[in-house]
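Below you'll find the structure, written out as structure tokens, and then a few comments.
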Amino acid sequence: MQHKRKKVSRKRGSETHGHGSSKKRRGAGHRGGKGKAGSGKRGDSKLMRITGGRKDYLGKHGFTPVNRKIVKTVNINHIQQKLDTLLSEEKIEKQKDSYVIDLDKLGYDKLLSKGEVTSKLKIKVKKASSSVIDKVKKAGGEVILSEKKSE
């Protein structure tokens, strides 16, 4: 295994410790701006070198759809792992031998099926995949959908 020494000890004996002239180390004036600042303002001959010849380097491109909905998803294994924590924080309820979970209150829109279901769960959610509904039913629980089933 290689031993990597700290930069400060590697630069011992170097007057400027790898930062060029001491004048250049002072302030923001030698950093060349923030982000893409200066990239199109340095003359045509240098523009190609900075942008790599890409025409789309400068300016804005594309658009963001106004009506796009971001669906917040959660996998069943995440819920299975966090059952005790959620119960202690009183974010879910326990009725007899099953857990009652309202994913709308927890901030999730869709339930996905990655992982195994070992507990009896009663889950209220807007959307769920068909495979997770089968998994929960096999474990003795149920999934209550507030919207039509997707996929």
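The figures follow:
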{"quantity": "Of residues in segment 120-132 being within 15 Å of VAL100 (Cα to Cα) and out of contact with any helix residue (DSSP H, G or I) (no Cβ under 7 Å at 6 or more places or on another chain), the one surrounded by the fewest Cβ atoms within 10 Å (Cβ to Cβ)", "calculated": "LYS120"}
{"quantity": "Looking only at segment 66-115, and only at residues there that are part of a helix (DSSP H, G or I) and acidic (Asp, Glu), the one that is nearest to LYS127 (Cα to Cα)", "calculated": "ASP104"}
{"quantity": "Criterion violated by PRO65 - all others in (1) in contact with a helix residue (DSSP H, G or I) (Cβ under 7 Å, 6 or more places away or on another chain); (2) at pLDDT 85 or above satisfied", "calculated": "(1)"}
{"quantity": "Subset of segment 79-115 (residues that are among the basic types (Lys, Arg) and without any contact (Cβ under 8 Å) to a residue 24 or more places away in the chain)", "calculated": "LYS82, LYS91, LYS94, LYS96, LYS105"}
{"quantity": "Of residues in segment 104-119 being within 20 Å of LYS138 (Cα to Cα) and not β-branched (Val, Ile, Thr), the one surrounded by the fewest Cβ atoms within 10 Å (Cβ to Cβ)", "calculated": "GLU116"}
{"quantity": "Search result, residues across segment 53-99 that are of a type in the set (A, V, I, L, M) and under 22 Å from the mean Cα position of the chain (by Cα)", "calculated": "VAL66, ILE70, VAL71, VAL74, ILE76, ILE79, LEU86"}
{"quantity": "Filtered residue count, segment 116-147, keeping only those that are part of a strand (DSSP E or B) and of a type in the set (A, V, I, L, M, F, W, C)", "calculated": "7"}
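The values are calculated or read from the model by the stated rules, or taken from the named source; none is laboratory data. The structure displayed is predicted, hence computed values, not measured ones. Note that each Cβ is placed from the backbone with ideal geometry, even for glycine, and that neighbours are counted across all protein chains shown.
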